[in-house]
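Only one structure is covered here, and it is reproduced in the block below.
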Amino acid sequence: MPPKPDRTRTQDAVKSDTEMSAGPSRRQLLSAGLATGVGVAAAGMAPKAVAATADPAITTIQDWNKYLGDGVDARPYGVPSPYEKEAVRRNVAWLTADPKSSVNFTPLHELDGIITPNGLCFERHHGGIAEYDPAEHRLMINGLVETPLVFTMEDIKRFPRENKVYFLECAANSGMEWRGAQLNGCQFTHGMVHCVMYTGVSLRRLLEEAGVRTNGKWVLAEGADASAMTRSIPLEKALDDCLVAYRMNGEALRPEQGYPLRLVVPGWEGNMWVKWLRRLEVGDQPWHQREETSKYTDLLENGKARRFTWVMDVKSVITSPSPQAPITHGRGPLVISGIAWSGNGTIKRVDVSVDGGKNWRTARIDGPSLPKALHRFYLDLDWDGSELLIQSRAIDERGFIQPTKDELRAARGENSIYHNNGIQTWYVKADGTVENVEVS
Ligand SMILES: Nc1nc2c(c(=O)[nH]1)N[C@H]1C(S)=C(S)[C@@H](COP(=O)(O)O)O[C@H]1N2
Ligand SMILES: [Mo]
């Protein structure tokens, strides 16, 4: 089960738990009426440089010029520079009862491009990280198949391989923000998403090997961790674009991400991407119906629930500037940057507003535009130092437009936790600090 927000905690508790340094008023609703003296940066405009002779970093000899550094035998597996120590996953202690059934968050504000480094992919697990000897790992396919099969890891690596870049988003991402602005940083509001290149074999290929019977309609995927997490996937999706993956960004899956084997269910909510995958059972009904209650439903205002809301809707967020990535360089050239994604395919366009959604400009998408993967966008501005209410709004290839939070609440009420893809607002103050707010 996903983490649930604890509504009894105060805003100050949120602040101290997340070690944020924001102002006291992040729940305030700001009217979208700020003056904006912001121009789109002229082509080729560059930040001003200091004359070389005036800069001691140029005119004096630095420590690192005086000594030899580490040799090639010092770092068999490289780690980031010690100056990058802020680029780490973080959790929010009050969200869950125990860190072994919990979540941490990708530091989106520290990243660029579309690929999440393996060590920074957020983790969500219900029974802690399972540590496996791959030689002992087996994948079984049983149920409504002609030939039940058991594969070793070696067997799986002898099937034809595919390389695919996909985002994974937990359905609870942004769930704490349903009722209003709460957590002060895109790491916490949007960090239950990552995007890596997977290497694996198509699930279709493995199912064909076992031979799915005509009454097979669902694939039940089971994990080998202590939670033995089981999820049902409609056969149609299983035969479409799912992968049984054993590598991420070229290297073996990390233990946190399901080493040695995980299911990849492109564009669909993260809980179906079963890690430490050990069994695929073909059945004629979904696993959910065997349980007393169905998990991962969206409770509506009228008491009814939305079930089987698998596709992750079109969404985006500005990652910089943002509460954890304030503007420190003053007025002048400013790079606004963010990510956009959709479970429906590619992102067609991203609009950015600096006045709380009154006016929009088309952002520049840079880097690969791959279906069901993160997209990186930029808006290059000349900032005059005035306050801004920055927002991004993504549109996907099927024409779906990211809604405002008010539109979402009008449609689904306030009881939901899952599938919050509403437009995020950051309040940029004149001193460059940034706060999570909502505009009305
Ligand atoms: N076996 C197993 N698979 C699992 C889980 C789990 O607890 N056990 N958590 C699921 C949930 S809810 C999510 S959001 C994703 C998170 O994937 P990640 O840890 O690679 O970010 O894994 C899914 N697969
Ligand atoms: Mo999740």
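Quick note: the coordinates plus some simple rules give every number you see, no bench work behind them. Computed from a predicted structure; not experimentally measured. Note that we place each Cβ from the backbone using ideal geometry, even for glycine, and neighbour counts take in every protein chain shown.
Observations on the structure shown:
- Summed side-chain charge close to Gly250 - residues other than Gly250 whose Cβ falls under 15 Å, Lys, Arg +1, Asp, Glu -1: +3
- J(HN,Hα) series, segment 310-322, from Karplus relation 6.51 cos²θ - 1.76 cosθ + 1.60, nearest Hz, glycine and proline x: 8, 6, 8, 6, 4, 7, 7, 7, 7, 9, 7, x, 7
- Note, ³J(HN,Hα) from phi for segment 159-174, Karplus 6.51, -1.76, 1.60, rounded to Hz, x at Gly and Pro: 7, x, 9, 10, 10, 9, 9, 9, 7, 10, 10, 5, 4, 8, 4, 6
- Cβ crowding within 10 Å averaged over residues, with 416-424, 166-174, 245-253 ranked highest first: 166-174, 416-424, 245-253
- Peptide ranges 187-195, 205-213, 341-349 listed from the most packed, as the mean C-beta count within 10 angstrom indicates: 187-195, 341-349, 205-213
- Alpha-carbon centroid distance for the pair segment 399-440 / segment 112-153, whole angstrom: 34
- Summed residue charge, Cβ within 15 Å of Arg213's Cβ, Lys/Arg positive, Asp/Glu negative: -4
- Ordering Lys85, Lys429, Lys237 from the fewest to the most neighbouring beta carbons within 10 Å gives Lys85, Lys429, Lys237.
- Theoretical FRET efficiency, 1/(1+(r/R0)^6), r = Cβ-Cβ of Trp94 and Glu397, R0 41 Å, to 0.05: 0.60
- Footprinting exposure proxy ranking of Val219, Val244, fewest other C-beta atoms within 10 angstrom first, gives Val244, Val219.
- Expressed per residue, the C-alpha convex hull volume of segment 226-271 stands at 89 Å³.
- Charge sum, other residues only, whose C-beta stays under 12 Å from Arg158's C-beta, Lys/Arg counted +1 and Asp/Glu -1: 0
- Approximating the spin labels as points 7 Å out from Cα along Cα→Cβ, the Tyr83-to-Glu414 distance works out to 4.6 nm.
- Sorting the segments 89-96, 369-376 by their residues' average number of neighbouring beta-carbon atoms within 10 angstrom, most packed first, yields 369-376, 89-96.
- Rounded to 5, the percent of DSSP beta bridges in segment 119-307 classed as antiparallel: 90
- Of the cross-linked pairs Lys48/Lys358; Lys85/Lys429; Lys275/Lys315; Lys315/Lys429; Lys237/Lys358; Lys164/Lys358, those separated by over 28 Å at the C-alpha level are Lys48/Lys358; Lys237/Lys358; Lys164/Lys358.
- Hull volume per residue, based on the alpha-carbon atoms of segment 119-307 and their convex hull, is 125 Å³.
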